[in-house]
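The values are calculated or read from the model by the stated rules, or taken from the named source; none is laboratory data. Quick caveat: nothing in here was measured; it's all calculated off a predicted structure. Heads up, the Cβs are rebuilt from the backbone with ideal geometry, glycines too, and the neighbour counts pull from every protein chain shown.
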Amino acid sequence: MSMVKLPTLALLGAITTGSAALAGDSPHLGKPISEADIKAWDISVLPDGTNLPPGSGTAAQGAKVFGDHGCNQCHGDGGKGGSSNMLVGNPPLTKDGIASNKTIANFWAYPTTVFDYIRRAMPWPTPHTLTDDEVYAICAYLFAANELIPPDEAMNAQTLPKVKMPNHDNFIIKFPDRI
Amino acid sequence: MRKRRSGAPPLEPVAGNGLLHRRALLRSGAMFAGALGSGASLTGAAAEPLTEPEWSQYPGEVTPPLQKPSRFEASVVRTLSNPKGEPRTQHARTPLQMLNGTITPNSLHFTILHSGIPDIDPAQHRFVIHGIVKQPLEFTVDALMRYPMVTRKHFVECGGNSAPMFSPEPIQAPLQALHGLVSCAEWTGVPLSTLLDEAGADPKAAWMLAEGADSLAVSRSVPMKKAYDDAIVALYQNGERLMPGNGYPMRLVLPGYEGNMNTKFLRRIKVVDQPAMTYYESRNYSPLLPDGNAYKFYFVCEVKSFITQPSFGTSLKAPGFYEISGIAYSGTGRITKVMVSADGGKSWAEAAVEGPVSPQAFTRFTMPWRWDGQPAVLTSRAWDDSGAVQPLRADFVALRGQANKVPNVLGFPNQHYNSLTAWGVESSGEIKHVYG
């Protein structure tokens, strides 16, 4: 009997140890990677300006980029609206009640959102083709046309996060306990 | 054998316009048929003598490797907002009025693609976790397939689903057009908490950014609270690998949170100390309020229900028995009760709820109904175990407002509608969409 019992007990012990190890451990099948090797994908810009790239652009340069890349085909001449969103214009947020047009000037709370979205998603048919200078230039063009910055102010990693967005304070957090 | 309990359910209506006790059919059998006042059938006409149909006379078709529904079900398809793939978002809405149960078949699960469906080779797909972590990690699909997985049944709903309900007048359109941007599936995948722990995410970091491998790199900020609570990196949908339009080869599933946050084609999570205020969270899913202010971080798809059958587009052929059937679900918990009314909310009766009921999942409710051929207004209202109640339309509109004019049925005049839906049954049997 003891011949049988001892290995059984030993085996039970091994199983117990094994499952305890499983519960407390993890497969660890991810490969370590450096932030430097993620850089090509790390395009997110935060509201405080974190991760804005080097570079610079002005409204005059942006007007040319806007035309050269066919932005007007969807957003209309001067960005005043077409088959896609109005980029330049400041209609009151109560113009059409709760269905009012939300624009950069009347709604968007952070200037960094404009840079982040253009760089990640525009132009729609050929995203990720603009240089960082060109993205800064388009931002400058749109902010100037919306009278959010003077016409000659260059946008760069220092100036862009400081652009004052008129609607910034008009948001209510819906579920504060979930943050 | 079902044990017969004492006290049979009442056969008399339990609420106005012919609603019967929710267990009346299950427990009263022949007595119920008698109470309907109809012998063999509702029409009284006897059945014709049987003959052998054509398909019973010779062997059928060869079995295909991948099944398709019967050709007689060809109308059960999603409706498309952008069938030619013009340079804008494509929506495909689920035909909820033609389905039953609580699981949406994968081929009919709703999808929204902002720049088409990327054709992702799973062997080359990479998913990274980085940011405020001890060690950034890269995962392949093969690696994730080896992890312990969980399987959870959850609805996914577009934050803009039911937007036509913001119309000042009821839009005459099928359920699919009004509420078709919600579906429910069984998702299988790796708990995100396991992967965040492996990377050594800083427990003090409040947010993470999730990003897809689509051409727009659709990106959303997610509270780490949710990431650690019940987030899944899903690889399977109803037992098979994700559909391309639903995020193949992997997607984030955030139970109960608006669809756009459930990042498809998941390729990157960055742990951060502040929300990124991406385009979608800053603009689209920040609903405008009547005073010009707006909500932000409106993550949760709140408690909601609607009747799927009968509904707009169907027509009742004759007075008599019908089963009212519908779906209830809540982003804040488990459905505990659904009330149904056949008189536009004057009187209510509790519907039968099919169990087991899962949190943040479709729950099917049914209610026996004897239609007397007179006008009726069918509607439903749901409760969940967090105490949340589906708001009445008057209360909802008082808080959230409605559009000034009737919008395009495909438009999004606002987001996050979870009030009631009512179907007006006319004496002809036709059913219209009404505000009850």
Do we find a residue being under 17 Å from B:Ser167 (Cβ atoms) and either touching a Cys at 6+ places or on another chain (Cβ under 6 Å) or modelled with pLDDT of 95 or more (or both) anywhere in the stretch B:364-371?
no
On the basis of being in contact (Cβ under 8 Å) with a residue 12 or more places away in the chain, in contact with a strand residue (DSSP E or B) (Cβ under 6 Å, 6 or more places away or on another chain), more than 16 Å from B:Gln360 (Cα to Cα) and of a type in the set (Ser, Thr, Tyr), does B:Tyr236 make the cut?
yes
Heads up, the strands (runs of 3 or more DSSP E) in the stretch B:121-199 (entirely inside) with at least 3 residues that are touching a residue at least 24 places away in the same chain (Cβ under 8 Å) and either assigned by TED's automatic domain parsing to the domain that holds B:Pro223 or surrounded by fewer than 22 Cβ atoms within 10 Å (Cβ to Cβ) (or both) are B:126-131, B:150-157, B:182-191
Condition first: among the β-branched types (Val, Ile, Thr) and surrounded by fewer than 19 Cβ atoms within 10 Å (Cβ to Cβ). Now tell me which residues in the stretch A:44-57 satisfy that.
A:Thr50
Assess whether B:Tyr279 counts as being of a type in the set (Ser, Thr, Tyr) and closer than 22 Å to B:Arg400 by Cβ.
no
I'm checking my understanding of the structure. Among residues of the stretch A:37-66 that are farther than 21 Å from A:Pro150 by Cα and outside any loop (DSSP other than H, G, I, E, B), which one is nearest to the other protein chains (Cβ to nearest Cβ)?
A:Ile38
Residue list for the stretch A:83-104, filter: within 7 Å of chain B (Cβ to nearest Cβ) and of a type in the set (Lys, Arg)
A:Lys102
Does B:Val409 satisfy the condition of being within 14 Å of chain A (Cβ to nearest Cβ), surrounded by fewer than 20 Cβ atoms within 10 Å (Cβ to Cβ) and modelled with pLDDT of 95 or more?
yes
Considering only the stretch A:120-136, state which residues are outside any helix (DSSP H, G or I) and within 14 Å of chain B (Cβ to nearest Cβ).
A:Met122, A:Pro123, A:Trp124, A:Pro125, A:Thr126, A:Pro127, A:His128, A:Thr129, A:Leu130
The condition of being crowded, with 18+ Cβ neighbours inside 10 Å, at pLDDT 95 or above and not polar (S, T, N, Q) holds, among B:Arg22, B:Arg78, B:Arg71, only for B:Arg78
Only listed residue being among the hydrophobic types (A, V, I, L, M, F, W, C), part of a loop (DSSP other than H, G, I, E, B), modelled with pLDDT of 95 or more and under 17 Å from the mean Cα position of the chain (by Cα), chosen from B:Ala361, B:Ala382, B:Ala318:
B:Ala361
Tally the residues that are facing chain A (nearest Cβ under 7 Å) and in contact (Cβ under 8 Å) with a residue 60 or more places away in the chain, restricting the search to the stretch B:268-278.
6
Among (1) touching an Asp or Glu at 6+ places or on another chain (Cβ under 9 Å); (2) assigned to a loop (DSSP other than H, G, I, E, B), which single condition is A:Ala140 missing?
(2)
Here are some residues: B:Gly313, B:Gly333. Which one is modelled with pLDDT under 95 and part of a loop (DSSP other than H, G, I, E, B)?
B:Gly313
Out of (1) surrounded by 22 or more Cβ atoms within 10 Å (Cβ to Cβ); (2) more than 7 Å from chain B (Cβ to nearest Cβ); (3) in a loop (DSSP other than H, G, I, E, B), the odd one out for A:Phe107 is which?
(2)
Counting only residues that are under 17 Å from the mean Cα position of the chain (by Cα) and not β-branched (Val, Ile, Thr), how many does the stretch B:244-266 have?
11
Residue list for the stretch B:388-404, filter: assigned to a loop (DSSP other than H, G, I, E, B), within 14 Å of chain A (Cβ to nearest Cβ) and either charged (D, E, K, R) or free of Cβ contacts under 8 Å to residues at least 60 places away in the same chain (or both)
none
Checked against (1) modelled with pLDDT of 95 or more; (2) outside any helix (DSSP H, G or I), A:Tyr117 satisfies every condition except (2)
Name the one entry in B:Ser286, B:Ser341 that is at the interface with chain A (Cβ under 10 Å from one of its Cβ atoms) and out of contact with any helix residue (DSSP H, G or I) (no Cβ under 7 Å at 6 or more places or on another chain).
B:Ser286
Considering only the stretch B:176-210, state which residues are more than 12 Å from chain A (Cβ to nearest Cβ), of a type in the set (S, T, N, Q) and in contact with a Phe, Trp or Tyr (Cβ under 6 Å, 6 or more places away or on another chain).
B:Ser183, B:Thr188
Select, from A:Gly89, A:Gly78, the only residue that is on the phi > 0 side of the Ramachandran plot and not in a loop (DSSP other than H, G, I, E, B).
A:Gly78
Looking at the stretch A:93-100, is at least one residue assigned to a loop (DSSP other than H, G, I, E, B), touching a Gly at 6+ places or on another chain (Cβ under 7 Å) and crowded, with 21+ Cβ neighbours inside 10 Å?
yes
Residues in the stretch A:137-179 that are away from chain B (no Cβ under 14 Å) and closer than 17 Å to A:Asp48 by Cβ total 7
